[in-house]
Amino acid sequence: MIAKKDILNISFAVFENIMTTTAKPDQLLLRFRSTDTQNGISRSTVEKLAEYLGFTGETQVIHYALRKLAKEVLPAYEADDGELTPAQLAAIRKAIPQGRAKSVKSSLF
């Protein structure tokens, strides 16, 4: 006896597999300048950088440069609310006993 298969179930399974395995990563198109400028770079310079740094391709140079720029320009942490108010300082002083200072060493041993 020949087993019957539902063609719709087979088609859906194939379609579902295609939809889940073909997602593309984020991409960015980069157009190189014909010459190096203050705000742009030529492809030949990127190629020279890749060779000098021992990278296998231009993409590694671009990621490296952008990571260095991000580390230099972006703050390492979120900005806080500024200096403590006199009321906040008073609350801290009230919560922590004032007077004789204890060292960490004396409190550990």
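Here, each number is a calculation from the coordinates, and none is a lab measurement. On a predicted model such as this, the values are computed, not experimentally measured, just so you know. Positions of Cβ are generated from backbone atoms using ideal geometry, with glycine treated the same way; all protein chains shown enter the neighbour counts.
At a glance:
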| item | result |
| --- | --- |
| Kirkwood Rh and Cα Rg combined as Rg over Rh, evaluated for region 26-73 | 0.96 |
| Sequence-separation-based contact order of region 26-73, relative, with Cα cut under 8 Å and 6+ spacing, percent | 19 percent |
| Sites L66 and R31, calculated FRET efficiency, Cβ-Cβ separation with R0 22 Å, nearest 0.05 | 0.90 |
| Stretchable slack from A90 to Y52, in nm (0.36 nm times residue separation minus alpha-carbon distance) | 7.9 nm |
